[in-house]
1. Which residue pairs have Cβ atoms under 7 Å apart, sit 6 or more places apart or on different chains, and have a first residue in region 74-87 that is more than 18 Å from Ile56 (Cβ to Cβ) and a second that is not polar (S, T, N, Q)?
2. Within region 43-66, track down each residue that is surrounded by 17 or more Cβ atoms within 10 Å (Cβ to Cβ) and more than 13 Å from Val19 (Cβ to Cβ).
3. Do you know which residues across region 59-108 are outside any helix (DSSP H, G or I) and either of a type in the set (Ser, Thr, Tyr) or in contact with a His (Cβ under 6 Å, 6 or more places away or on another chain) (or both)?
4. Any chance you could count how many residues in region 55-66 are over 18 Å from Lys4 (Cβ atoms) and modelled with pLDDT of 95 or more?
Amino acid sequence: MKIKQFIAEHLETVDHLRVLLHLKGTPRTEWDVLDVAAKLYLPPERTAAVLAQLVIHGLVVASGERPRYRYHPGTPELADMAETLAEMDRTQPVTLINMIYAQPADTQAFADAFKLKKSKENLT
């Protein structure tokens, strides 16, 4: 899997990157939503949503009734991609951020292509 594909499939926003890298940096620590939110200066609701998505994507595990989250990639490939992200964050942070921000634009352009097609069909 290439890093661009990984970002497109697993990291919707820079918040996803920040949360993932924070948990990756403390792999033996279990964090609750409020702790992560406070550490990264994110709203708790946003933090909870990001953590839930990272769990779904197999990068983070949750345990307990009042969930605590820990970095735990489900496959070696996910671990390798997370390591690549961490390295890029250290050495090429602007490139990494641009790759994340480029994703919605690409998705929107794809969606807009169908809108244009529909508009042309209505003209004929």
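The values are calculated or read from the model by the stated rules, or taken from the named source; none is laboratory data. It should be emphasised that the depicted structure is a prediction, and the values quoted were computed from it without experimental measurement. In this analysis, Cβ positions are derived from the backbone assuming ideal geometry, glycine residues included, and neighbour counts consider all displayed protein chains.
1. Thr84/Ile3; Ala86/Leu21; Ala86/Lys24
2. Val61
3. Val61, Ser63, Tyr69, Tyr71, Thr75
4. Total meeting the criteria: 7.
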